[in-house]
Every structure is written in C-alpha cells, then in structure tokens.
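Written out below as structure tokens is the structure these notes cover.
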Amino acid sequence: MTVIRYSEAFKRQVIEEIARGKHRSPYAAQEAYGIKGHETVEKWVRKYGREDLLPKRIRIETMNEIDELKEARKQIRILKAAVADAHIDCCLEKGFLRVACDRLGVTPEEFKKKHPMTLSDMRGSNGVT
C-alpha cells in the first residue's frame, strides 16, 4: 500500500488555484491533480479557512413543507416535555416506594414479591374501572 502525503505548499497552491478560478470547485482541482479521497481538497479548504470556496447548498421548499417542518418541530418539543414529565413521575414513584418500604422495613424487591397485586386487583378493590 502506498501512502501519499502532500506538502503544505502544494495544498496552498491548489487552494489558491481554486480561489483564482483555475478550477471551478475543490472536486475539479482534485480531479485535475488525481488526488485520491472524495473530500481531500475540501478538507484542505476548511483547514486553511477558505470555506467561501466550497459549493453552497440551497434548499428550496414549498410552504407546505415549511409548515410540516414547523409542526414536526412543535411535536418534538411537546414529546420531549412529555418524556421529561414521565421521567420525573417515575423518579418520584421510585422515591415514594423506597420511603414506604423503609417504613415497612422491607426492600422494594421484597415488597414486590410479597405483594403481587396487579392493576386489575386495584381496579376491583377501589371501584376504579
């Protein structure tokens, strides 16, 4: 396997040629010099702070797509808040269980084994359906 290393002077020369317009893009310069790797010259451009030479991406969206994106972001915020609330509720319930078990003098594991009450048992005992 052959490893090719490019000098700093060569890298700067390629970037300068792109800046002067000799190559229309980092990819074109890469092709002209036979430089391997699909992002090698782009990495050089970033390394030397010349991001202005990189191709720009412009995304054109319909109003419907923009509205869908806004709605999706809103739903994500709502779901994140719901997950956070559920996590807090779970932590509180674990804390209450530990306190109750401490007062009963048992561990939570022992309590769960000794009290195999199910949700259906609870519904029948307190009238909740």
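Derivation of every value follows stated rules applied to the coordinates shown; laboratory data play no part. Since the structure is predicted, the reported quantities are computational estimates derived from the model, not experimental observations. Please note: Cβ atoms are built from the backbone with ideal geometry, for glycine as well, and neighbour counts cover all protein chains shown.
Over segment 1-115, Cα pairs under 8 Å with separation of 6+ residues give a relative contact order of 14 percent. Counted by Cβ distance under 12 Å from Arg77, the other residues give a net charge of +3, where Lys and Arg count +1 and Asp and Glu count -1. For segment 8-53, the pair-distance distribution built from all alpha carbon pairs, in bins 5 Å wide starting at 0, is 5, 26, 40, 26, 4 percent. Percent relative contact order of segment 8-53, based on C-alpha pairs within less than 8 angstrom and at least six residues apart? Relative contact order for segment 8-53 comes out at 35 percent. The ranking of Thr62, Thr40, Thr107 by Cβ neighbour count inside 10 Å, starting from the fewest, reads Thr62, Thr107, Thr40.
Could you state, as a whole-number percent, how many of the C-alpha pairs of the chain are farther apart than 22 Å? So the pairs more than 22 Å apart make up 68 percent of the total in the chain. Between Val83 and Tyr48, the contour length at 0.36 nm per residue exceeds the Cα-Cα span by 8.3 nm. Listed here are the pairs Lys56/Lys80; Lys43/Lys70; Lys43/Lys80; Lys47/Lys70; Lys22/Lys43; which of them are more than 24 Å apart at the Cα? Pairs exceeding the cut-off: Lys56/Lys80; Lys43/Lys70; Lys43/Lys80; Lys47/Lys70.
By the count of neighbouring beta-carbon atoms within 10 Å, fewest first, Phe10, Phe96 end up ordered Phe96, Phe10.
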